[in-house]
Amino acid sequence: MGQHEPILLKNMSHPGYTGSLADYERTGGYQAVKKVMGKVSPAEVTQLVIKSGLRGRGGAGFPTGVKWGFLPKDYQGLRYLCCNADESEPGTFKDRQLIERDPHQILEGIVLACYAIAAETAYIYIRGEFVLGARILEKAIGEARRAGYIGKNILGTGVTVDIWVHRGAGAYICGEETALLESLEGKRGLPRVKPPFPATHGLYNKPTVVNNVETLANLPHIINRGPEWFAAIGSPPKSTGTRIFCVSGHVKRPGNYEVPMGITFRELIYEHAGGMRSEKPLKAFIPGGASAPFLTPDHLDVKMDFESVAAAGSMLGSGGVTVMEEGTSMVWAALRLMEFFYHESCGKCSPCREGSSWLVQTMRRIVNKRGRAQDLETLTDLCKNIAGRTVCAFGDAEVAPIMSTLKHWRPEYIALIHEAEAANLLRPQPVGARG
Ligand SMILES: Cc1cc2nc3c(=O)[nH]c(=O)nc-3n(C[C@H](O)[C@H](O)[C@H](O)COP(=O)(O)O)c2cc1C
């Protein structure tokens, strides 16, 4: 079994660990801040993170240190760090566990990232439904501030970092980094046209970095144990470290599993998550949240690293692995996800706004056995006209379930349409309808 001692979930696995400042300090907490502040230059911290190979855990997998390096070097004004705690991707529930069970690990990561990019203010943008998480973070910020790890003149080094929690109002799109920034500025959460990128024109038009909770939580460990240690874990050189995969669906033991990148889906599903919940074999799985194209049993031995999953035609995305057993209707499953995307489309781009409505109507028609032969062509055509034609990656995300189920389980769509056609023949026709 792919094993490595947990890094991010380690503290909370100790019986009695409460996530308080005292508990966190007992496990070596805030040592990384002490190690670098005033001793190692911000540029060197960025270099350490680049060397570790850490890539973003929010979805796109962009190299973290490289992203920090895009901030203008000679800019004297304000800069911001935003911690993306929106966790809005269906099937994803790892950031919530990190927030609720070990908040100081994230706060220490934020302080380190702020130091590296010379930002004095960080915002944690947390999804509105995470009421408990927001309270826990507020409490932890208070503890860290009183202890001198956050605020003005941290540990007497002259460095200032303040952290504020901002609760979202509950919109999937606000997890997208530029919509997040709009929302944080008090506007409606709509994605921005890029370029310019947040690195130069971010929050309040200032240089800004947006990083995911899990990404930031890795930083104290990279600083404490060294980039070489981190770079050797997982599937180097391109997928280093561990990842927390959120396994849900028809498995015996759903939950969060922190494993080295590069184990196979088979190991995750059958060994860590205990295998299928009943005698029925696996039929399908989503490898990285609702936006990731479905994969089949033939992909069980694909390695869970960025490149291997991309080569298999999908993506690791947010780390949400949803498993479905034989007997699941794939057309119904795709419709369920499509209904989510239809509900969440922000409306800014017409291909996504109008297309999601058409897609959901066509899918409903097929599932309700009122489909027509030309519906499959309509679905494909609509998907092709949405993907890559929107301001943000939402468009690509919403077509993934339909495109991938059409690719792997097309006969299921055809069977439903045949049933509809057969039922239609038996249906009484209005007088004169046959011309
Ligand atoms: C529609 C959409 C929703 C997203 N939702 C989230 C989210 O809930 N949490 C997250 O961290 N990133 C989310 N992202 C990715 C962010 O835009 C961004 O890439 C990420 O926060 C960067 O952090 P990282 O480099 O640490 O991964 C989303 C992207 C899109 C297109």
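The values are calculated or read from the model by the stated rules, or taken from the named source; none is laboratory data. Worth saying up front: this structure is predicted, and the values here are computed from it rather than measured. Because the Cβ atoms are built from the backbone with ideal geometry, glycine has one as well, and the counts that use them run over all protein chains shown. Side chains included, ligands, DNA and RNA excluded: accessible areas come from the protein's heavy atoms. Shrake-Rupley method; radii C 1.70, N 1.55, O 1.52, S 1.80 Å.
Extending 7 Å from Cα along the Cβ direction at LYS51 and again at LYS139 yields two label points whose distance is 3.8 nm.
Taking 23 Å as the cut-off for C-alpha to C-alpha distance, list the pairs among LYS94/LYS139; LYS10/LYS39; LYS303/LYS407; LYS67/LYS206; LYS10/LYS94; LYS369/LYS407 that go past it.
Working: LYS94/LYS139 20 Å; LYS10/LYS39 28 Å; LYS303/LYS407 21 Å; LYS67/LYS206 15 Å; LYS10/LYS94 14 Å; LYS369/LYS407 20 Å.
Flagged as over cut-off: LYS10/LYS39.
What percent do you get for the relative contact order of the chain when only Cα pairs under 8 Å and 6+ apart count? Value for the chain: 16 percent. Here r is the Cβ-Cβ distance between GLU279 and TYR75 and R0 is 56 Å; the resulting FRET efficiency, rounded to 0.05, is 0.35. Taking all protein chains together and rolling a 1.4 Å probe, ARG167 ends up with roughly 120 Å² accessible. Any chance you could give the angle, 0 to 90 degrees and rounded to 10, that helix 394-408 forms with the longest Cα principal axis of the chain? For helix 394-408, the angle is close to 50 degrees. Taken about its Cα centre, the chain carries a charge dipole of about 480 debye when Lys and Arg each add +1 at the Cβ and Asp and Glu each add -1 at the Cβ. Tilt of helix 350-367 relative to the longest C-alpha principal axis of the chain, in degrees (0 to 90, nearest 10)? It works out to around 50 degrees.
Explain nothing, just the number: relative contact order of the stretch 11-231, from Cα pairs under 8 Å at least 6 residues apart, as a whole percent. Spell out each step's value before the answer.
Working: 412 pairs, mean separation 67.0, N = 221.
The value is 30 percent.
Evaluate the relative contact order of the stretch 304-421 (contact order divided by residue number), counting alpha-carbon pairs under 8 angstrom at least 6 apart; express in whole percent.
Details: 109 pairs, mean separation 34.6, N = 118.
29 percent.
How much area per residue is accessible in the stretch 330-423 when the probe is 1.4 Å and only protein heavy atoms are counted (Å²)? Working shown, then result.
On the way: 4420 Å² over 94 residues.
For the stretch 330-423, the per-residue accessible area is 47 Å².
Distance from the Cα centroid of the stretch 32-73 to that of the stretch 310-334 is 32 Å (rounded to whole angstrom). The alpha carbon centroids of the stretch 221-240 and the stretch 359-397 are separated by 41 Å.
Give me the percent of the accessible area of the stretch 53-203 that comes from carbon and sulfur atoms, probe 1.4 Å, all protein chains in place.
Working: 3270 of 5940 Å².
Heavy-atom surface of the stretch 53-203 belonging to carbon and sulfur, 1.4 Å probe: 55 percent.
A simple spin-label model places the labels of ASN224 and ARG26 1.4 nm from each other, with each point 7 Å out along Cα-to-Cβ. What the stretch 11-231 shows is 40 Å² of accessible area per residue, with the surface traced by a 1.4 Å probe over protein heavy atoms.
Rounded to the nearest 10 degrees, the angle from helix 375-386 to the longest Cα principal axis of the chain is 30 degrees.
Each of LEU268, HIS299, VAL309 was placed along the dipole of the stretch 237-325 (beta-carbon charges, centred on the mean Cα), and the one lying farthest toward the positive end is LEU268.
Shown is the FRET efficiency for THR18 and GLU339, computed with R0 = 35 Å from the Cβ-Cβ distance and rounded to the nearest 0.05: 0.35.
For the chain, a Kirkwood radius taken over Cα pairs fed into Stokes-Einstein (20 °C, viscosity 1.002 mPa s) yields D = 94 µm²/s.
Across the stretch 287-300, rounded Karplus estimates of 3J(HN,Hα) from the backbone phi angles (6.51 cos²θ - 1.76 cosθ + 1.60, θ = phi - 60°) give x, x, x, 4, 7, 8, x, 4, 10, 10, x, 5, 9, 4 Hz, Gly and Pro being marked x.
For the stretch 330-423, the fraction of 1.4 Å probe accessible surface lying on carbon and sulfur atoms is 52 percent. Using the Cβ-Cβ distance between THR157 and ARG266 with R0 = 51 Å, the FRET efficiency computed as 1/(1 + (r/R0)^6) comes to roughly 0.60. Annotation note: GluC sites (Glu not before Pro) in the stretch 327-435 located in DSSP loop regions with a Cβ neighbour count of at most 14 within 10 Å are absent.
A crude spin-label estimate for the pair ALA415 and PHE197, with each label 7 Å from Cα along the Cβ direction, gives 4.6 nm. Considering only ILE163, LEU180, THR242, the residue lying farthest towards the positive end of the dipole of the stretch 148-286 is LEU180, judged by Cα position with unit charges set on Cβ. Below 10 angstrom from the Cβ of TYR24, what's the summed charge of the other residues (Lys, Arg +1; Asp, Glu -1)? Taking every Cβ under 10 Å from that of TYR24, the sum is -4.
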